[in-house]
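The structure appears below as structure tokens.
The values are calculated or read from the model by the stated rules, or taken from the named source; none is laboratory data. Just so we're clear, the structure is a prediction, and the values are computed from it rather than from any experiment. Quick reminder, even Gly has a Cβ in these numbers, built from the backbone with ideal geometry, and neighbours come from all protein chains shown. Ligands, DNA and RNA are excluded from the accessible area calculation, which covers all protein heavy atoms including side chains. Shrake-Rupley method; radii C 1.70, N 1.55, O 1.52, S 1.80 Å.
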Amino acid sequence: MIPTETMTIQLKVPGIACSACVNTVTQAIKSVDANATIEADTKTKIVNVQSEHSVDKIKEIIAEAGYPAA
């Protein structure tokens with residue numbers, strides 16, 4: 001099995017304002033990468049993701065969940 005590379009992605013997500021928002025974004029990312037690590041700060045609107053997926057894929061996933069990255 002070929003190991004996959006995990007990258008750290010930092011995104012500004014203006015619409016993330018509460019724990020329900022964080023939960024929605026987390027579930028959306030976890031639906032395509034169960035091993036992803038997600039940290040979100042509702043005050044700074046910053047979401048940090050460690051994932052095997054590209055920045056563009058993560059942006060697409062969270063935009064589909066209703067939280068487009070700036």
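What whole-number value in Å² describes the accessible area per residue of the chain for a 1.4 Å probe?
Numbers: 4390 Å² over 70 residues.
Here the per-residue accessible area is 63 Å².
Quick one: length gained pulling SER31 to GLU52 fully straight, 0.36 nm per residue minus the C-alpha distance? Don't skip to the answer; put the middle values down first.
Details: separation 21, 0.36 × 21 = 7.56 nm, distance 1.29 nm.
Contour length minus Cα-Cα distance gives 6.3 nm.
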Over all viewing directions the Cα convex hull of the chain casts an average projected area in nm² of 4.3
If you take the charge dipole of the chain about its Cα centre, with +1 on Lys and Arg Cβ and -1 on Asp and Glu Cβ, which of VAL32, ALA63, THR8 is farthest toward its positive end? ALA63
Give me the percent of the accessible area of region 14-55 that comes from carbon and sulfur atoms, probe 1.4 Å, all protein chains in place. 50
